[in-house]
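Engineer: One structure is given below, represented as structure tokens, and several questions about it will come after.
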Amino acid sequence: MKRKRSITNRSSRVRRQRDPIPWKYCVLSLICGLLLVAGFFAAAQQHFSSLGVAMDNAKLRVKIKQLRDQKRKLLISKERAASPAKIATLARKIGFTDTPRTVVTGAPEVIEAASTRDAKPMPVYAAANQNDKSSNRKEVHVKDKKRNPGGKNVKAGKKPTPNGSQVAALSGSDLINNVRE
Amino acid sequence: MARKRRTSQGNNSMQTAFIRFMLVVAFFIFWIGAVSVRLVHLQVNEHSKWKSKSEAQSTYSIVTKSLRGSVYDRNGSVLAMSVRVKSLAADPGLVENVAGLSSEVSKITGKKASRISSQINEGKLAGRKFVWLARELTDEQVEKVKKRVFENKDDSNGDLALGVRWIGEQKRDYPNGTLAAHVIGFSNSDDVGQAGIEKSQESFLKAERLRMVRERDREGRVLSETAVERTPSKDVVLTLSKEIQHITERALVRAVKTTNAKAGKAIVMDPATGEILAMANYPTFDPSEFRKLKPGVWRNSAVQDQYAPGSVFKLVTYGAALEEGKIKPEDEIECGEGQITVGGYTFNDSHAVGRVSYIEAMAESSNVGAIKTAMDLGKDTFYSYAREFGFGKRTGVGLPSEGTGILRAPERWRGTDLASMSIGYGIDVTALQTVLAFATIANDGVQVNPQIVKEVRQDGKLAEDFESESRRVVKAETARSLKKMLKQVVLDGTAKRARLNGYTSAGKTGTAWKYDKEIGTINRKKYVSSFVGFAPADDPAVVIAIVVDEPKGAMRAGGQVAAPAFKEIAENVLPALKVAPDGVFEKDFPKDPPKKEKKEPKDSTLTEKAKAPKKKNKADVKKTKKPEKKKPKKVRKTPKELNAMGVERMRLNKTTKQALRI
């Protein structure tokens with residue numbers, strides 16, 4: 001009797017070990033998918049933020065250009081206002097005379113001035129590049145006048161040279177100060 | 001049993017679901033894989049192709065010009081600078097409201113409305129696509145145009161902004177007006193230098209072509225900007241000082257106007273470094289108004305024009321003789337009755353000086369003394385020293401069209417040429433050459449090449465530095481001897497008016513007849529009066545040359561015309577340079593001994609009158625006493641009086657006249 005058992009019946013009796021639901025794979029796939037989507041979002045965000053920065057940058061570039069132009073215009077206005085001819089004209093208008101400054105009237109001051117040396121004012125082109133520490137504008141050295149003893153192709157040395165404030169201090173600025181007073 | 005069957009069925013369905021799920025996953029993996037493969041193919045294999053395509057769509061390039069470089073003085077003051085400005089242009093074919101547009105632009109710019117409308121209408125008829133409406137507008141005008149033209153929608157006759165557009169330009173600005181105009185020069189509307197530093201330093205200053213590549217998004221917004229071709233222009237720093245230039249110009253104008261002269265030029269130079277501190281010409285011009293200038297007005301006469309130096313050239317004659325050991329300053333020379341005949345022609349002194357020392361011969365500007373000295377030297381030696389001092393060749397100062405002067409080789413000289421040249425005729429020089437010769441003596445015999453460009457800067461950093469080369473021309477001892485002689489010229493010679501208040505000075509006057517093209521020979525009514533000197537005399541800080549062209553009236557001699565200008569410049573410049581006074585103050589000046597008084601003009605009142613400025617401004621009037629009436633005719637009619645006033649007269653031979661015609 002036992003021998004007559006059908007094959008099907010016999011196989012149905014076999015107990016196979018199977019996983020109920022493949023949760024493991026589902027979660028793994030989900031995580032991978034989420035990571036992928038998150039990656040896309042991150043990339044998109046980076047892309048659009050870089051575009052935003054680029055556009056802001058472009059606007060700032062335009063602004064810098066405008067400000068530089070404005071600075072040049074202001075510099076020219078300043079130079080125009082401080083031109084010796086303009087100062088002389090204005091001084092004459094308010095009653096100052098054009099008497100040439102001589103050492104007679106101010107001999108002690110001149111002698112004193114000759115012994116003291118004011119700090120050199122920063123030139124415009126240097127002031128425009130204040131941040132540039134590598135600006136290597138040559139300093140004026142006070143050297144002995146007779147430093148060119150002779151000989152061919154001797155490099156000419158630098159000599160104490162007039163600077164704006166010094167000259168102005170003895171000419172134009174006197175007028176300006178008087179005008180202000 | 002049934003329970004077991006159900007379980008088995010459930011297992012089967014789960015298995016089926018799993019298989020299906022895995023199929024979906026496999027599909028997605030395959031799909032992503034396919035996409036990835038495609039992406040790799042596009043980005044790796046076809047990278048360059050798609051990149052170029054993308055760039056062509058998202059980027060574009062614009063070509064502009066960078067701003068022209070600026071010109072600064074030695075203290076960093078701006079002498080020339082370019083700024084961006086906006087101009088208004090129109091496409092005549094597109095403009096529909098011509099009357100309204102013309103009216104608005106006219107109100108803003110001040111141009112005539114009828115002119116603007118006719119421009120547009122003519123453009124329409126001619127089928128032009130572009131006409132200028134207004135150029136180089138100010139910021140205020142730009143704002144007004146924006147408001148009244150581009151934002152004005154009220155005009156019933158049509159849109160004012162239609163066909164109108166902005167054009168960006170750059171404008172060259174010279175904030176100091178006429179100051180140093182001949183040195184700076186100007187650039188034309190295409191930003192190309194036409195004269196002066198603007199021309200000679202064009203390679204540094206020129207506005208470079210600038211190509212910018214911009215990346216944009218699909219809406220045209222600029223994302224990035226990269227300069228592809230960019231060589232920024234450079235800034236030029238000059239050796240000029242704005243203040244000293246102003247002082248020099250003021251003195252020159254006064255000298256020219258006082259003497260009713262045709263023109264004048266002045267140079268101030270530092271003898272130790274060769275730096276030109278000021279260079280002035282009169283009449284002058286405003287570089288901003290270059291469109292209105294007559295051709296040649298911008299000619300820098302101080303370096304381009306040549307003239308017969310007259311007695312100033314005696315510096316070379318005596319310098320060569322001293323260097324060769326032929327004379328000593330204290331040695332005596334017989335000048336006799338003030339006449340000497342060379343090659344059959346007689347040269348005269350203004351007055352007989354008799355037997356005098358070389359110092360006195362120089363101080364009295366004796367032609368006879370100079371001619372005798374030159375004859376003793378010989379023509380080859382004289383010529384070689386003239387060349388050594390820098391005559392007959394360019395100084396290389398760095399300004400355009402510099403003149404060489406005329407100094408013929410000795411082979412081409414004729415009988416009287418050596419005599420003529422020794423007193424400054426038959427030779428032509430530039431003002432700069434004379435300054436250089438005197439600077440050589442001031443610098444103890446070492447000649448330093450003059451320079452006007454101090455350095456070149458790029459973006460505020462030093463790009464190029466210029467240093468002059470120097471060479472010895474005469475021994476220091478010779479230079480000291482010459483200084484001694486030149487000092488005497490100021491103290492007791494023809495240049496007493498160059499005596500400074502508080503400082504010592506030295507120099508030489510020159511008064512030469514001018515060659516007149518119209519009559520083809522020298523014109524004895526036309527003079528070039530000059531004074532070249534330096535101060536302080538023993539340790540010079542500046543060398544100053546003043547040349548006045550065709551002074552008219554009673555005062556014609558260099559000592560009368562140019563020496564006062566030297567005095568004015570030196571007395572203002574030396575304190576500015578903080579040079580301590582080393583001389584006598586005016587109140588302590590020694591009075592002239594009576595014997596010398598005969599050399600002064602007989603009618604000193606007349607001289608003083610002519611000296612007074614012609615009431616140009618209140619300050620000048622206040623400064624000088626009220627002049628008495630002039631009597632110039634009387635002076636002109638008596639050549640003896642002219643002689644007494646210090647005018648150096650001489651008779652020219654044919655050879656000299658021919659030389660002057662060159």
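Engineer: Using the Karplus equation 6.51 cos²θ - 1.76 cosθ + 1.60 (θ = phi - 60°), what ³J(HN,Hα) coupling, rounded to whole Hz, does each residue of segment B:245-256 give in order, writing x for Gly and Pro?
Structural biologist: So the Karplus estimates, Gly and Pro as x, are 4, 5, 4, 5, 5, 4, 5, 5, 4, 4, 5, 5 Hz.
Engineer: Helix B:47-58 versus the longest principal axis of chain B: what angle, 0 to 90°, nearest 10, using Cα atoms?
Structural biologist: Computed tilt is about 70 degrees.
Engineer: Using DSSP to define loop residues, name the GluC sites (Glu not before Pro) in segment B:311-377 whose beta-carbon has at most 15 other beta-carbon atoms within 10 Å.
Structural biologist: Answer by residue number: B:E330, B:E337.
Engineer: Something else about it: In chain B, with Lys and Arg counted as +1 and Asp and Glu as -1 at Cβ, which of these residues, B:S36, B:L399, B:G460, has the Cα nearest the positive end of the dipole, that is, farthest along it?
Structural biologist: B:S36
Engineer: Strictly over 25 Å apart at the Cα level, which of B:K328/B:K372; B:K475/B:K514; A:K59/B:K147; B:K372/B:K567 would you flag in this model?
Structural biologist: With Cα atoms farther than 25 Å apart: B:K475/B:K514; B:K372/B:K567.
Engineer: Give the long-range amide H neighbours of B:A541: residues separated by 5 or more places, or on another chain, with amide H under 5 Å away, using H modelled in the peptide plane at 1.01 Å from N.
Structural biologist: B:A535
Engineer: Right, next: How many nm separate the modelled label positions at B:R128 and B:K111, each set 7 Å beyond the Cα in the direction of the Cβ?
Structural biologist: 1.0 nm
Engineer: Under 5 Å between amide H atoms, partner at least 5 residues away or on a different chain: which partners does B:E208 have, H built in plane at 1.01 Å?
Structural biologist: HN-HN under 5 Å from B:E208: B:S66, B:S233.
Engineer: Compute the angle between helix B:379-388 and the longest alpha-carbon principal axis of chain B, please, reported from 0 to 90 degrees and rounded to the nearest 10.
Structural biologist: Approximately 40 degrees, to the nearest 10.
Engineer: Okay, next question. So how tilted is helix B:431-442 from the main axis of chain B? Cα-based, degrees 0 to 90, rounded to 10.
Structural biologist: 70 degrees
Engineer: How many nm separate the modelled label positions at B:I519 and B:A263, each set 7 Å beyond the Cα in the direction of the Cβ?
Structural biologist: About 2.1 nm separates the two model spin labels.
Engineer: Please identify every one of the trypsin sites (Lys or Arg not before Pro) in segment B:81-153 that sits in a loop by DSSP and has no more than 13 other beta carbons within 10 Å of its own beta carbon.
Structural biologist: Here the sparse-neighbourhood loop sites are B:K112, B:K129, B:K153.
Engineer: If you keep only loop residues by DSSP, which trypsin sites (Lys or Arg not before Pro) in segment B:463-562 have at most 10 other Cβ atoms within 10 Å of their Cβ?
Structural biologist: Passing both the DSSP loop test and the Cβ count: B:K517.
Engineer: While we're looking at this one, here's another question. Let me have the relative contact order for segment B:106-242, percent, based on Cα pairs under 8 Å that are six or more residues apart.
Structural biologist: Across segment B:106-242, relative contact order equals 12 percent.
Engineer: Quick check: convex hull over the Cα atoms of segment B:188-237, volume per residue in Å³, rounded to an integer?
Structural biologist: Hull volume over Cα atoms, normalised by residue count, gives 95 Å³.
None of the figures in this text is laboratory data; all of them are computed from the coordinates on show. Here the structure is a predicted model, which is why all the values come from computation and not from measurement. Neighbour counts are summed over all protein chains in view; Cβ atoms, including those assigned to glycine, are modelled from backbone coordinates with ideal geometry.
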